[in-house]
Amino acid sequence: MGDHFDDLTKALAKGTGRRTVLRKMGAGLLGAIGLSIAAGTLGTQEAQAAPSACSQYCGKQAFVSGPSHAACLQACRSCGGGAYKLCYDYRTGTFTCCTSGQFCGDGTCIPFLQG
């Protein structure tokens, strides 16, 4: 086993000058530095995705948690993603979707007064 290692090291050392070895080491070092810089800049990008309006609305409501949170998200999505259309009834714990021309008042959708 020791003879094979000696033969390998002699073969590697044969015919290679110091300048060639230093150039290859320098090129390898520069490549490693360049790769680490490129990897560092690629890893620092910020996420571009933002939570939906429904996720924001249903997540910020203190009264919405657990199954109510899921119901809020489902109702909001059925409203077309418009969290401003949601109406929450505190008495029943249910959500309804107010149509255009309505607003939420005391847990029910109330039409705007037209005058």
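Since every read-out is calculated from the coordinates, none of them should be taken as a lab result. The structure presented is a predicted model; accordingly, all values stated were derived computationally and were not measured. Here the Cβ positions follow ideal geometry from the backbone for every residue, glycine too, while neighbour counts run over all protein chains shown.
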Between Ala53 and Gln74, what length comes free when the chain is fully extended (0.36 nm per residue of separation minus the Cα-Cα distance, one decimal in nm)? 6.3 nm
Cα-projected label distance for Arg91 with Lys60, points at 7 Å along beta-carbon direction, nm: 2.8 nm
Here, Asp3 and Asp106, labelled 7 Å along Cα→Cβ, have an inter-label distance in nm of 10.3 nm
What does the C-alpha gyration tensor say about the overall shape of segment 53-111? Classify as rounded when a/c is under 1.5, otherwise prolate if a/b is larger than b/c, or oblate. oblate
What number comes out for the charge environment of Cys97, summing +1 per Lys or Arg and -1 per Asp or Glu over other residues with Cβ under 11 Å away? +2
Gained length - Leu113 relative to Arg18, 0.36 nm times residue gap less alpha-carbon distance: 25.1 nm
On a straight-distance basis, which lysines could pair with Lys14 in a cross-link, Cα separation under 17 angstrom, same-chain partners fewer than 8 positions away excluded? Lys24
